[in-house]
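Chemist: Here it is, the structure, as structure tokens.
Taken together, the values in this text are just the output of simple stated rules run on the coordinates, not laboratory data. Please read all numbers here as calculations on a predicted model, not as lab measurements. Here Cβ is always computed from backbone atoms with ideal geometry, including for glycine, and neighbour counts include all displayed protein chains.
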Amino acid sequence: MTIKRKEWQMKKIIATLALVVAASQSGTANAAETPQQGGTLNVALGSDTPVIDPSITGFSVTALIARNVVDSLVGQAADNQFTPWLAESWQVNSNHTDYVFHLRKDVTFSDGTKLDAEAVKYNLQRILDPKTTSSYAKSLLGPIKTLTTPDAYTLVIHYDLPFAPLLQGLSLPYLGIQSPTYLQNTVNTSNTVVGSGPFILKSFVKGSGSQLTRRADYHWGPGYAKHSGPAYLEAINFKYLPESSVRLGALVSGQIQAIDAVPPVNAQSVKNNPTLQVETKEDPGVNRLLYLNTSQGPFQDQRVRQAFLRASDPASAVKVAFFGTLKVADNVLGPQTLYYDHSIAALWGFDLNKANQLLDQAGWQEKDATGIRTKQGKKLTVHFVYDPTSVESADITLFQAIQFQVKKAGFDLQLDPVDSGVFSARTVNNDYDIVSNFYVRAEPDILRTVFHSDYIPPKGSNFSHVSALDDKLKLAVGAPDEQRKQLYSEVQRQVIDQAYVVPLYVPAYQLGISKNVHDISWATNAKPNFYDVWLSH
């Protein structure tokens, strides 16, 4: 299989000619439709990231910001086809064990370092190095056996076992290529990143935001982009505004041109505002879940996990928290994900009577004066640890609704809000019963990131401490399509059967934007792309 940049360039030329003909025939072409240079796009974000280096975090906010700073070896278009980017062509052998990438020869990083095969190799080796703690990025690369550079602009990635998801992983910002000169001379990359992208990171301050400025000499955008050359925007400012009312007020007043996480209660009013619009992109990947820790505490007992799953009523809780703006999850994977199995929904559902039966069977038969179940004098208490800065205010409302629901079955669900450092320490020390997150990826291999034993904290995000799925997840990465589909269906079924998680909702990126913001497109990880964006003045 070989993909070449000139093939994509021809497709873009044909598409552009078609647009020109259509515009001339309809008489709609005018100056207002011509992209304008300059201006600063101000974007307000409802959640924060503690780290801006995309190689060492799985935070979606990091991906949103860093996508403008780092380029990828390949792009992935809206139709899921892979396009040239830093690699102008590549070949993959029939069993997905050998990938050969031929790099562009005209790319430089913003610090002046030239992109070549050794630069890419250094990036990937850094991610594979356990000392880098690149748990999510490392999972996207899979079990690489060797990395070789036959010449200055050719990189070869070899696996002993088939690894089919590589191209999709390489298209994500988490595997974006950074300047090796910068990496070699920077002890702590938490607050900085230097890439070859259309923007340069001017500053990042945790709890405040990021400032990006346009790179004037950029001319190697992805094959799916509408234009080539420098970005139209002069700058992008990402501001962290956790209060939804403040974020919305800034949009309505014109101080901000775009906000994420449109407050659910205000979504309709934003849509009705003649100067604003709402664009929504449903996420593929792992839904917003509650991960139940199977390695310690009450959730070691499968019956207690199943009781918690049955005592939760996500449909009503999501409705209360999000006012109907998001879909309730019926599975561990979202519907936009490859090999999502719609039949899983029939395996579970809210059933308080069943929850009570299961807890009785598990020996939690007594209740104290507040209705909390006890066994041998010990209360059925479970601790839900979360970082308030990494979730939206509506998520906290959702968690509180679940807390109220499961109490009816006798669970004492304690919500433990902590800062990012304490959250990391508690997950590393296995000091929790429940945590929550979601992962955005169109490839079902994301299930390996959250359910393979290689990624049990501190090595990754297998917060349920599951090991029973290892064989299926390992086999699925290189199996033929039909077998992959079957294996991932079995994994989805087993996750629900064993109550490793409680699915809550299908995440969606809800972007409120001013109507003077044009040409926002969507990446396959359901994040807005800003390279083609321009402002009408």
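Chemist: ³J(HN,Hα) across the range 346-353 via Karplus (A = 6.51, B = -1.76, C = 1.60, θ = phi - 60°), whole Hz, x for Gly/Pro?
Modeler: Karplus values, whole Hz, x for Gly and Pro: 6, 7, 8, x, 5, 7, 5, 4.
Chemist: Which net charge results for the neighbourhood of Val385, defined as the other residues with beta-carbon distances under 10 angstrom from its beta-carbon, given Lys and Arg at +1 and Asp and Glu at -1?
Modeler: -3
Chemist: Right, next: Between (1) 0.94; (2) 0.99; (3) 1.23, which entry matches Cα Rg over 2.2 N^0.38 Å as derived from the coordinates of this structure?
Modeler: (2)
Chemist: Take Glu392, Glu234 and order them by how many other Cβ atoms sit within 10 Å, fewest up front.
Modeler: Glu234, Glu392
Chemist: Whole-Hz ³J(HN,Hα) for each residue in the range 363-372, computed from phi via Karplus 6.51 cos²θ - 1.76 cosθ + 1.60 with θ = phi - 60°, x for glycine and proline: what do you get?
Modeler: Running phi through 6.51 cos²θ - 1.76 cosθ + 1.60 with θ = phi - 60° gives x, 8, 9, 8, 9, 8, 5, 8, x, 7 Hz.
Chemist: Subtract the Cα-Cα distance of Ser253 and Lys378 from 0.36 nm times their separation in residues, and report this length gain in nm to one decimal.
Modeler: Here the segment from Ser253 to Lys378 would lengthen by 39.6 nm.
Chemist: Could you tell me the calculated FRET efficiency between Leu415 and Val320, based on Cβ-Cβ distance and R0 = 22 angstrom, to the nearest 0.05?
Modeler: Step by step, r from the Cβ atoms, then E = 0.90.
Chemist: Relative to the longest principal axis of the C-alpha atoms of the chain, give the angle of the C-alpha long axis of helix 302-311, reported between 0 and 90° and rounded to the nearest 10°.
Modeler: Approximately 80 degrees, to the nearest 10.
Chemist: Can you give the Rg and Dmax of the range 258-304 based on its C-alpha atoms, in angstrom?
Modeler: Cα radius of gyration and Dmax of the range 258-304 are 19.0, 54 Å respectively.
Chemist: How big is the Kirkwood radius of the range 285-506, worked out from every pair of different alpha carbons and given in Å to one decimal? The partial results should precede the final answer.
Modeler: Working: mean 1/r = 0.0567 Å⁻¹.
Every distinct Cα pair counted, the radius reaches 17.6 Å.
Chemist: Moving to a separate point now. Quick one: if the Förster radius is 51 Å, what FRET efficiency do Ser489 and Thr192 give, using the C-beta to C-beta distance and rounding to 0.05? Mind dumping the intermediate values first?
Modeler: On the way: r = 43 Å, r/R0 = 0.83.
Calculated value: 0.75.
Chemist: Right, another one. Just rank Asp301, Asp433, fewest to most, by other beta-carbon atoms within 10 angstrom.
Modeler: Asp301, Asp433
Chemist: If you don't mind, there's one more thing I want to ask. Where in the range 509-537 does the amide nitrogen come within less than 12 Å of the point 7 Å from the Cα of Ala78, taken along Cα to Cβ?
Modeler: Output list for this probe position: 519-524, 529.
Chemist: Here's something else I'd like to know. Subtracting the Cα-Cα distance from 0.36 nm times the residue separation, let me have the gained length for Lys271 to Ser424 in nm, one decimal.
Modeler: Values: separation 153, 0.36 × 153 = 55.08 nm, distance 3.83 nm.
Fully extending the segment from Lys271 to Ser424 adds 51.3 nm.
Chemist: Is there a pair in Lys327/Lys474; Lys379/Lys408; Lys281/Lys327; Lys327/Lys472; Lys206/Lys239 whose C-alpha atoms are over 20 Å apart, and which pairs would that be?
Modeler: Result: Lys327/Lys474; Lys327/Lys472 exceed 20 Å.
Chemist: Let me ask something else about it. What full-extension length gain, to one decimal in nm, is calculated for Ser203 and Glu118 as 0.36 nm per residue of separation minus the Cα-Cα distance? Don't skip to the answer; put the middle values down first.
Modeler: Values: separation 85, 0.36 × 85 = 30.60 nm, distance 2.76 nm.
Gain on stretching Ser203 to Glu118: 27.8 nm.
Chemist: Each residue of the range 156-168 in turn: what ³J(HN,Hα) in whole Hz from Karplus with 6.51, -1.76, 1.60 and θ = phi - 60°, glycine and Pro shown as x?
Modeler: Each residue of the range 156-168 in turn: 10, 10, 10, 10, 6, 10, x, 9, 6, x, 4, 4, 5 Hz.
Chemist: Sticking with this structure for a sec: Scan around Asp71 for amide H atoms under 5 Å from its own, H built in the peptide plane at 1.01 Å from N, and keep only partners 5 or more places away or cross-chain.
Modeler: The list, which skips near neighbours in sequence, is Ile177, Ser196, Gly197.
Chemist: List the residues whose amide H sits under 5 Å from the amide H of Asn529, counting only those 5 or more places along or on another chain, with H placed 1.01 Å from N in the peptide plane.
Modeler: Ser521, Trp522, Ala523
Chemist: Further, regarding this structure: Rounded to the nearest 500, what is the chain's calculated 222 nm mean residue ellipticity when only DSSP H runs of at least 4 contribute -39500 (n - 2.57) each, over all residues?
Modeler: Per the formula, -8500 deg cm²/dmol.
Chemist: Cross-link partners among aspartates and glutamates for Lys515, C-alpha distance below 18 Å, same-chain residues fewer than 8 apart left out?
Modeler: Glu33, Asp260, Glu279, Asp532
Chemist: Using R₀ = 60 Å, calculate the FRET efficiency as 1/(1 + (r/R₀)^6) where r is the Cβ-Cβ separation of Gln365 and Asp98; round to 0.05.
Modeler: 0.50
Chemist: Hey, can you grab everything whose amide H is under 5 Å from the amide H of Thr108? Only 5+ residues off in sequence or another chain; H modelled, so Pro and N-termini drop out.
Modeler: Answer set, sorted by chain and number: Leu115.
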